[in-house]
1. Which entries of Lys118/Lys196; Lys36/Lys118; Lys90/Lys189; Lys18/Lys196 show an alpha-carbon separation above 21 angstrom in the structure shown?
2. Kindly list the residues of the range 88-118 that lie in the label zone of Thr155, defined by a backbone N under 14 Å from the point 7 Å along the Cα-to-C-beta vector.
3. Given a Förster distance of 22 angstrom, what is the FRET efficiency for Thr198 paired with Lys18, based on the Cβ-Cβ distance and rounded to 0.05?
Amino acid sequence: MDESIFIAVSGIMKQERKMEILSNNLANMNNVGFKKDELAFEALLTPFKKDINFEDSRNVLLPASKSKATVAYVGVSEFSTDNSQGTLEKTGNVFDLALDGEGYFSVQTPSGIRYTRKGNFQLDNEGRLTTQNGVPVLTSQGAPLVIQGGGGDITIDINGNVSAGAGLNNLPVGQIKLTKFNDGVELEKEGDALYKLTDPTNQEIAFVPSTAGSF
């Protein structure tokens, strides 16, 4: 079969993958904490053998449609997520949090700890700070952050410290856990702006952000 058909098919398949990525980016562009994905392509050349006989060497001079030695396919050379800083929008909701710069909030899912920059949190019926899907947000001690009692004001400062109550009864509740990783550590998307650490041997780095707090 003509080699050019396979070349064309490889190009079509990569364009289909590109459209899937673009469609997903457009569909989620207004979702809180979403980071767009990017693809890079490259030509995959058929390698030449060092020791070839006379008949094989003739392929180099033939048109691409007649020679497998001069064809090139299209392949994905890189898949990445754009983690650049998003736009911060003030909502006035004490549980809407944002990070200015690096880092992630840590949450406890049924499948284990996950990381997110989606900070539109809420309180559940048990007083736990959770994501919109009910996943508990963790404290710097690694436990779900629970705000006991229903009276008084709740405040979250720029360092992620949470306090509740009124006047002299305003007491600290806990500090929201913020995590970052060394350069080169890969996180895998799992949907709903959650990320999974692909290599469990990599270590989390707890830190205090330049800006974190209610927006």
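Each reported figure results from applying straightforward, stated rules to the coordinates on display, with no laboratory input. Please read these numbers as outputs of a predicted model, since none were measured by experiment. Cβ placement follows ideal geometry from the backbone for every residue including glycine, while neighbour counts extend to all protein chains displayed.
1. Among Lys118/Lys196; Lys36/Lys118; Lys90/Lys189; Lys18/Lys196, the Cα-Cα distance tops 21 Å for Lys90/Lys189; Lys18/Lys196.
2. Answer for this model: 94.
3. Working: r = 23 Å, r/R0 = 1.06.
The computed FRET efficiency comes out at 0.40.
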